[in-house]
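Got a structure for you, written out below as structure tokens; questions coming shortly.
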Amino acid sequence: MEKIYKASELAEMVSGTVKGNPDAEISGVNSLKLATAAEASFLSNIKYRSQMDASKAGVVLVVSDWKFDPKEGQTLILCQNPDKAFTKICNVFAPAPIQYTPGIHPSAVVHPSAQIAEDVYIGPTAVVEEGAVIGKGTVINACVYVGPFVTIGENCLIYPNVSIMRYCRLGNRIIIHAGATIGADGFGYNTTFTGLVKVPQNGIVQIDNDVEIGANSTIDRARFGKTWIKKGVKIDNLVHIAHNVIVGESSALIGQCGIAGSAEIGRGVIVAAQSGVNGHITLGDGSKVAGASAVQRSVSPGAMVFGTPAESEEDFIERHMLPRKVRKLTARLEKLEALLAEKEAKAE
């Protein structure tokens with residue numbers, strides 16, 4: 001059923017002030033570029049005002065000190081933080097979450113020794129192996145593989161085609177998106193005269209409470225001990241975490257980044273898209289790695305690094321500005337040489 005709210009009702013939800021028509025009716029949300037007159041959007045940075053001027057959005061959330069009048073047919077909601085406020089409004093229009101009826105689908109294969117708590121849902125063709133333990137309220141979607149002696153806590157949501165390999169331990173309220181693999185062997189080989197010989201990977205993966213793991217991401221089991229993803233970590237799609245890595249609480253690893261073996265990521269660290277982190281180094285608490293960087297050495301707490309090899313912001317800017325400075329100095333030198341040649345010619 002379509003949800004319709006007046007601008008005044010949306011403003012009340014986000015503690016905002018209406019500028020324009022308080023009775024404007026909104027039935028959805030969208031970007032400024034794609035929004036229609038029946039949809040709401042937002043603008044958090046005035047430098048993108050041209051997008052708002054061209055937008056057909058019926059309601060736009062803007063900053064509370066916005067000084068421009070709304071254009072014809074458009075209503076503004078002035079609020080302290082349009083981005084966060086828009087998230088609240090998005091939730092209002094979001095479809096109801098899918099409800100899973102507890103039970104085991106007839107096509108699922110569950111080993112007799114597995115311990116399945118109450119209110120668990122296990123979907124079509126899922127496999128739960130020997131000795132596995134699944135806590136109450138957890139959802140195991142279609143085609144999920146839960147390996148021998150895996151432990152999954154309460155109220156977890158495991159999307160289709162996820163593989164959780166032997167002995168891995170998962171806490172509570174974990175979300176794992178489609179296609180992710182938890183606990184594949186770490187990449188370890190010894191070089192011999194006859195070729196590469198596999199090093200046994202005997203450890204596990206431990207994932208603490210409130211972690212979310214994106215689609216097709218991979219977290220390798222440890223060679224010994226555990227690969228450890230601590231509480232509140234958020235992992236984007238297509239992220240690789242190698243064996244014996246430790247990721248500290250509330251850190252964020254963004255799409256296509258890779259963390260090499262035995263690296264230690266501190267608390268509240270951000271590793272941006274397509275970055276690589278070398279093995280056996282430490283990223284200190286609160287540090288940040290810019291997109292497409294290659295971190296080869298440990299990073300101090302709170303520091304931000306850029307580029308390949310990754311370096312401080314000051315060094316990065318200086319190195320990238322150097323060619324421009326050289327070109328300017330070369331041009332000045334050529335000009336001075338020309339003036340000098342001209343004076344010498346006159347002197348003759």
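The values are calculated or read from the model by the stated rules, or taken from the named source; none is laboratory data. Only a predicted model underlies this, so the values are computations on that prediction, with no experimental measurement involved. Counting neighbours? That spans all protein chains shown, and the Cβs are built from the backbone with ideal geometry, glycine included. Heavy atoms of the whole protein, side chains included, go into the accessibility calculation; ligands, DNA and RNA do not. Shrake-Rupley method; radii C 1.70, N 1.55, O 1.52, S 1.80 Å.
Over the Cα atoms of the chain, what Rg and Dmax result, in angstrom?
In order Rg, Dmax, the Cα atoms of the chain give 27.7, 105 Å.
Right, next: Semi-axes of the equivalent ellipsoid of the range 201-348: what are they in whole Å, largest first, if each equals the square root of 5 times a C-alpha gyration tensor eigenvalue?
They are 49, 13, 12 Å, listed from largest to smallest.
Rounded to whole Å and sorted largest first, list the principal axis extents of the Cα atoms in the range 228-310.
Each principal axis gives a Cα extent; for the range 228-310 these are 29, 25, 18 Å.
Which residue fluctuates most in the GNM of the chain (Cα springs below 10 Å): Pro301, Pro95, Pro148?
Judging by the Gaussian network model, the answer is Pro95.
Shifting gears a bit: Springs between alpha-carbon pairs under 10 angstrom, Gaussian network model over the chain: which of Gly188, Gly268, Gly214 fluctuates most?
Comparing Gly188, Gly268, Gly214 in a Gaussian network model of the chain, the most mobile one is Gly188.
Dimensions of the range 1-142 along principal axes (Cα, Å, largest first)?
Each principal axis gives a Cα extent; for the range 1-142 these are 68, 29, 25 Å.
Residues with amide H under 5 Å of Val299's amide H, sequence separation 5 or more or different chain, H placed in the peptide plane at 1.01 Å from N; which?
Those lying under 5 Å, H to H, from Val299 are Thr282, Leu283, Gly284.
Please give the per residue accessible area of the chain, computed with a probe of 1.4 Å over protein heavy atoms only, in Å².
Heavy-atom SASA per residue in the chain reads 55 Å².
With point charges of +1 on the Cβ of Lys and Arg and -1 on the Cβ of Asp and Glu, referenced to the Cα centre of the chain, which listed residue (Gln206, Gly307, Ser27) lies farthest in the positive direction of the dipole?
Gly307
While we're here: Applying 1/(1 + (r/R0)^6) with R0 = 56 Å to the Cβ-Cβ distance of Arg49 and Leu336, what FRET efficiency is obtained, to the nearest 0.05?
So the FRET efficiency works out to roughly 0.80.
Using alpha-carbon positions, what is the distance between the centroids of the range 116-167 and the range 64-92, in Å?
One Cα centre to the other: 42 Å.
Tell me, what % of the accessible area of the chain is carbon and sulfur with a 1.4 angstrom probe?
Within the chain, the accessible surface is 54 percent carbon and sulfur.
Based on the Cα atoms of the range 63-149, what semi-axes does the equivalent ellipsoid have, where each is the square root of 5 times one gyration tensor eigenvalue, given in whole Å with the largest first?
Those come to 49, 13, 10 Å.
Then there is this: Taking 7 Å along the Cα-to-C-beta vector as the label spot, tell me the Lys67-Phe187 distance in nanometres, rounded to one decimal.
Output for this residue pair reads 5.5 nm.
When the helices in the chain are scored as -39500 (n - 2.57) per DSSP H run of 4 or longer and the sum is shared across all residues, what 222 nm value do you end up with, to the nearest 500 deg cm²/dmol?
Using -39500 (n - 2.57) per qualifying helix, the result is -5500 deg cm²/dmol.
Further question on the same structure: Need one number for the range 112-157: average projected area of the convex hull over its C-alpha atoms, nm².
Averaged projected area of the range 112-157's Cα convex hull equals 2.6 nm².
Go through the range 331-348 residue by residue and turn each phi into a ³J(HN,Hα) via Karplus (6.51, -1.76, 1.60, θ = phi - 60°); whole Hz please, and just put x for glycine and proline.
Per residue, the Karplus-derived 3J(HN,Hα) values read 5, 5, 4, 4, 5, 5, 5, 5, 5, 5, 4, 5, 5, 5, 5, 5, 5, 6 Hz.
From the P(r) of the range 19-68, can you give the percent of Cα pairs sitting at distances over 14 Å?
47
Sticking with this one: Once all Cα-Cα distances of the range 114-216 are split into 5 Å bins that start at 0, what whole-number percent is in each one?
3, 13, 22, 26, 14, 7, 6, 4, 3, 1, 0
How high is the relative contact order of the range 198-244, in percent, with contacts defined as C-alpha pairs under 8 Å that are six or more residues apart?
Relative contact order, the range 198-244: 44 percent.
Using only the Cα atoms of the range 167-260, each taken as one equal point scatterer with no solvent, compute I(q) by the Debye sum, divide by I(0), and report log10 of the ratio at q = 0.16 Å⁻¹.
At q = 0.16 Å⁻¹ the computed log10 ratios are -0.59.
Listed here are the pairs Lys84/Lys288; Lys19/Lys56; Lys33/Lys71; Lys33/Lys56; Lys6/Lys47; which of them are more than 18 Å apart at the Cα?
Lys84/Lys288; Lys6/Lys47
Follow-up. Testing the spin-label approximation: label points 7 Å from Cα along Cα→Cβ at Asn91 and Glu9. State their distance in nm.
1.8
Select from Asn190, Asn216, Asn172 the residue whose mean-square fluctuation is largest in a Gaussian network model of the chain (Cα-Cα springs shorter than 10 Å).
In the Gaussian network model the winner is Asn190.
Once fully extended, how much extra length lies between Arg173 and Ser27, figured as 0.36 nm per residue of separation less the alpha-carbon to alpha-carbon distance?
Result: 49.4 nm gained on full extension.
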